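The values are calculated or read from the model by the stated rules, or taken from the named source; none is laboratory data. All figures in this text were calculated on a predicted structure; none of them were measured in a lab. Cβ placement follows ideal geometry from the backbone for every residue including glycine, while neighbour counts extend to all protein chains displayed.
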Amino acid sequence: MSILDTPIQVVLDSKLYPGIGVIHAVVQPGLEWVVRVNGVYWTARAAAGYSFQAGDAIRPIDRQGNTLLVEPA
């Protein structure tokens, strides 16, 4: 079974966040962004104090509710 065939809830529950995403927009500079990962838009916060700009590549490493924690890819 490919990750593309895996139900989204299974992916979220297993904390498996495949792929690389991109910062789509800055909501609050240095605090919150909108990211696109595997075609899905999420609210994101940086892990470990990273800061991003629109267009930066990110990697999701965890999730808190509907917010992804991301680091540079």
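Structural remarks
- Within the range 32-56, tally of residues that are under 13 Å from Leu68 (Cβ atoms) and not in a loop (DSSP other than H, G, I, E, B): 14
- Boolean, Pro29 is more than 11 Å from the chain's Cα centre (by Cα), farther than 17 Å from Gly65 by Cα and modelled with pLDDT of 65 or more: yes
- Within the range 37-73, the set of residues being modelled with pLDDT under 90 and surrounded by 14 or more Cβ atoms within 10 Å (Cβ to Cβ) comprises Asn38, Ala47, Arg63.
- Enumeration of residues in the range 16-35 that are over 13 Å from Ala73 (Cα atoms) and surrounded by 14 or more Cβ atoms within 10 Å (Cβ to Cβ): His24, Val26, Glu32, Trp33, Val34
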